[in-house]
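The values are calculated or read from the model by the stated rules, or taken from the named source; none is laboratory data. A quick note: this is a predicted structure, and the numbers were derived from the prediction, not measured. Please note: Cβ atoms are built from the backbone with ideal geometry, for glycine as well, and neighbour counts cover all protein chains shown.
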Ligand code: ADQ
């Protein structure tokens with residue numbers, strides 16, 4: 001069976017690309033290359049020219065990339081609007097930040113319709129179709145409506161909130177009912193499974209039978225598939241960084257000297273708890289002044305979605321918080337917090353993680369959080385650092401040997417930093433070994449394989465009766 005992947009953004013690999021960018025994109029590309037396949041989605045470009053939204057295809061080996069531009073109004077409504085100002089905050093349990101507009105919702109549905117129409121001519125009868133993430137929830141229903149009977153799976157990368165929270169979103173019942181068009185819905189954790197199923201039951205009257213959700217004549221399996229990383233590749237990158245003389249790694253080594261390093265790496269997003277984390281680090285330095293001058297926090301946070309006002313506000317807030325804490329606590333020869341708003345290569349990131357005694361991963365809510373896994377993969381097994389992890393990251397379900405914290409409790413996070421810095425080597429090694437074992441056993445290859453086995457093992461779907 002050929003694999004067809006659909007995701008909001010598609011990056012066509014450079015013909016001469018040597019070093020993989022890592023993570024999900026690479027894993028999916030590998031799965032496609034193995035079987036041969038098609039990857040469809042937005043090119044990332046905006047075009048209002050006539051014909052600008054036509055589908056362009058590019059062949060790379062056994063993989064066909066098919067991309068379309070968005071119009072400016074589609075970008076505003078589908079992408080920035082409904083996906084990122086309504087669904088994203090709602091699904092991260094942030095009702096106060098959820099901005100709903102009917103125009104945005106109509107744009108979201110229209111892009112899903114347009115994607116379905118554009119994809120159909122490219123499909124073959126036994127293609128296995130795998131759709132990714134919240135931008136494209138109604139896509140399978142649009143495909144079914146047009147007669148597509150292939151197996152279709154969906155993977156939801158972000159949390160699925162409780163029915164009470166999701167139900168606050170206008171049209172939530174209509175939107176969640178479109179899940180019934182999938183044969184398999186994958187989410188990150190058992191909590192997400194429970195929330196999604198209870199949403200399906202309470203918002204659109206689905207019945208649960210033998211572990212499957214039944215809506216009309218169609219059955220959908222909802223299952224957790226915790227996403228992983230390429231542990232082995234990341235471990236090698238990190239080990240190589242010890243010898244590497246690349247500028248960022250060398251300069252970090254020199255500028256830190258004997259000082260200890262606490263590291264945070266996130267897209268600049270309010271779900272990641274960056275401002276709260278800076279405050280917790282300030283609290284740690286206030287409560288434990290003996291650490292002043294001896295440890296620093298490096299927060300790497302490249303801006304994302306800067307066109308969304310809530311993100312611009314967060315950018316301002318994190319600058320303000322870091323500036324205020326540095327002014328209050330810094331010394332002429334020591335800056336406690338460095339915020340760097342840049343994307344770094346995988347090599348450089350791996351080197352930073354390895355150099356850091358503490359990995360501070362404290363999202364307010366996160367589907368999984370790959371940084372937690374990258375931090376562990378990058379450690380020196382003979383002298384590993386300690387992961388401080390929010391209980392609200394999906395990763396906490398698997399990584400109980402981290403120091404688990406509530407990111408809303410500044411004091412608790414501050415104390416966890418202190419505990420991590422003081423932890424004896426034997427305990428660090430014990431915790432690290434358990435964590436490494438878990439992330440290795442559930443790496444990205446395992447994840448892709450489990451998902452695709454489950455999707456292809458499911459009986460052929462019943463003829464179309466997807467919810468309209
Ligand atoms: P994200 O919200 O993007 O992903 P995360 O899982 O942490 O969050 O992945 C971020 C990735 O970006 C990591 O691989 C990290 O190394 C990289 N990155 C972050 N800052 C960087 C920088 N400055 N330079 C270079 N790389 C950087 C969504 C969900 C998550 C879920 C993933 C995968 O929100 O919960 O784990 O999808 O399903």
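Scanning the range 248-289 for residues that are within 12 Å of the ligand (Cβ to nearest atom), at pLDDT 95 or above and assigned to a helix (DSSP H, G or I) yields 270, 271, 272, 274. Please verify whether residue 233 is on the phi < 0 side of the Ramachandran plot and either in contact (Cβ under 8 Å) with a residue 60 or more places away in the chain or in contact with a strand residue (DSSP E or B) (Cβ under 8 Å, 6 or more places away or on another chain) (or both), treating the condition exactly as stated. It is true that residue 233 is on the phi < 0 side of the Ramachandran plot and either in contact (Cβ under 8 Å) with a residue 60 or more places away in the chain or in contact with a strand residue (DSSP E or B) (Cβ under 8 Å, 6 or more places away or on another chain) (or both).
A residue that is closer than 25 Å to residue 99 by Cβ, touching a residue at least 40 places away in the same chain (Cβ under 8 Å), more than 23 Å from the chain's Cα centre (by Cα) and not in a helix (DSSP H, G or I) occurs nowhere in the range 186-208. In the range 316-353, the residue that is nearest to the ligand (Cβ to nearest atom) out of those that are in a helix (DSSP H, G or I) and in contact (Cβ under 8 Å) with a residue 60 or more places away in the chain is 349. One residue stands out among those in the range 164-185 that are in contact (Cβ under 8 Å) with a residue 24 or more places away in the chain and more than 30 Å from residue 147 (Cα to Cα): the one that is surrounded by the fewest Cβ atoms within 10 Å (Cβ to Cβ), which is 168. Looking across the range 384-404, the residues that are outside any loop (DSSP other than H, G, I, E, B) and in contact with a strand residue (DSSP E or B) (Cβ under 7 Å, 6 or more places away or on another chain) come down to 386, 387, 388, 389, 390, 393, 394, 395, 396, 403, 404. In the range 295-309, the qualifying residues are those that are within 16 Å of the ligand (Cβ to nearest atom) and without any contact (Cβ under 8 Å) to a residue 40 or more places away in the chain, and the one that is surrounded by the most Cβ atoms within 10 Å (Cβ to Cβ) is 303. If you go through the range 355-373 and keep only what is farther than 12 Å from residue 264 by Cβ and either assigned by the TED database to the domain that holds residue 194 or not in a loop (DSSP other than H, G, I, E, B) (or both), you end up with 355, 366, 370, 373.
Here is a check on your reading of the model: is residue 422 out of contact with any helix residue (DSSP H, G or I) (no Cβ under 8 Å at 6 or more places or on another chain) and either within 20 Å of residue 268 (Cβ to Cβ) or more than 9 Å from the ligand (Cβ to nearest atom) (or both)? Quick ask: steps written out before the conclusion?
Working: out of contact with any helix residue (DSSP H, G or I) (no Cβ under 8 Å at 6 or more places or on another chain): yes; either within 20 Å of residue 268 (Cβ to Cβ) or more than 9 Å from the ligand (Cβ to nearest atom) (or both): yes.
In short, yes.
Among the criteria (1) at pLDDT 95 or above; (2) away from the ligand (no atom under 14 Å from the Cβ); (3) in a helix (DSSP H, G or I), the one residue 312 does not fulfil is (1). Name the residues in the range 1-27 that are closer than 15 Å to residue 64 by Cβ and modelled with pLDDT under 85, would you? Of everything in the range 1-27, those that are closer than 15 Å to residue 64 by Cβ and modelled with pLDDT under 85 turn out to be 13, 15.
Exactly one residue among 170, 138, 125, 161 is within 16 Å of the ligand (Cβ to nearest atom) and over 23 Å from residue 25 (Cβ atoms), and that residue is 161.
Restricting the search to the range 191-202, which residues are surrounded by 18 or more Cβ atoms within 10 Å (Cβ to Cβ) and closer than 16 Å to residue 177 by Cβ? Selection gives 195, 196, 197, 199, 200. Exactly one residue out of 407, 381 is away from the ligand (no atom under 12 Å from the Cβ), closer than 28 Å to residue 194 by Cβ, in contact with a helix residue (DSSP H, G or I) (Cβ under 9 Å, 6 or more places away or on another chain) and assigned to a loop (DSSP other than H, G, I, E, B), and it is 407.
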